[in-house]
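The values are calculated or read from the model by the stated rules, or taken from the named source; none is laboratory data. Every value quoted in this text rests on a predicted model; they were computed, and no experiment measured them. All Cβ positions, even for glycine, are placed from backbone atoms using ideal geometry, and neighbour counts span all protein chains on display. SASA here: full protein model, heavy atoms, side chains in, ligands and nucleic acids out. Shrake-Rupley method; radii C 1.70, N 1.55, O 1.52, S 1.80 Å.
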Amino acid sequence: QSSIMNGLIQTGRLDRMVEQVAIDGAAAYSPVEFLTELRNGVWEEVPKSGVNIDIYRRNLQRTYLDIMDNRLNGNTEPSAEVRSLLKGELRAVGEAVDNALRTGGTRDESTTRHLRDVIDEISTILDPRAMRTRTPPAAVGGRGGGVGPGGR
């Protein structure tokens with residue numbers, strides 16, 4: 001699941017899709033269409049009232065969140081366009097999950113806890129104040145790259 005999801009949500013792929021839309025206009029498969037279809041597939045149980053999410057699907061959904069977090073907050077900062085696309089997707093997931101928790105009917109406790117955790121995770125991913133450090137690729141393993149006493 002993780003390797004496939006990693007391959008699908010590559011910032012380079014999304015940047016190329018943005019460029020293709022600029023060239024071909026409405027005829028191109030837009031990154032918004034792509035990300036919406038991916039979101040709808042990964043989170044398909046959420047809007048269905050009373051549907052429990054099994055452990056395999058919960059793991060897929062966690063993988064989705066982890067990869068989105070890595071793309072937004074990892075070592076390589078995405079382009080402004082990709083950043084806005086990914087943040088929009090996380091907000092859409094958050095709204096759907098929030099709505100499901102308020103109106104979704106009876107779900108098992110594992111599903112309810114998972115959905116509450118999803119809300120917390122999305123808040124953390126989108127929070128610019130969360131403690132994160134981007135390490136420039138050139139600085140990794142370079143002079144002064146280690147953290148020790150008196151470090152950062």
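Per-residue packing, averaged as other Cβ atoms within 10 Å, sorts the ranges 41-48, 20-27 into the order 41-48, 20-27, beginning with the highest. Think of a 1.4 Å ball rolled over the protein heavy atoms: the chain then has 60 Å² of accessible area per residue. Tilt of helix 11-24 relative to the longest C-alpha principal axis of the chain, in degrees (0 to 90, nearest 10)? That helix lies at roughly 80 degrees to the long axis. The tail of the calculated P(r) for the range 1-69, taken as Cα-Cα distances beyond 13 Å, holds 69 percent of the pairs. For the chain, the longest principal axis of the alpha carbon atoms and the long axis of helix 80-103 meet at an angle near 30°. Once each part is reduced to its C-alpha centroid, what is the distance from the range 73-92 to the range 15-60 in angstrom? Cα centroid to Cα centroid, the span is 14 Å.
Ala92 sits among other residues whose Cβ lies under 14 Å from its own Cβ, and their net charge, with Lys and Arg +1 and Asp and Glu -1, is -3. Diffusion of the range 41-118 by Stokes-Einstein, at 25 °C in a medium of 0.890 mPa s and with Rh set to the Kirkwood radius over alpha-carbon pairs, works out to 185 µm²/s.
Diagonalise the Cα gyration tensor of the range 1-137 and give the resulting equivalent ellipsoid semi-axes, square root of 5 times each eigenvalue, largest first, whole Å.
Working: eigenvalues 145, 69, 33 Å².
Value: 27, 19, 13 Å, ordered largest first.
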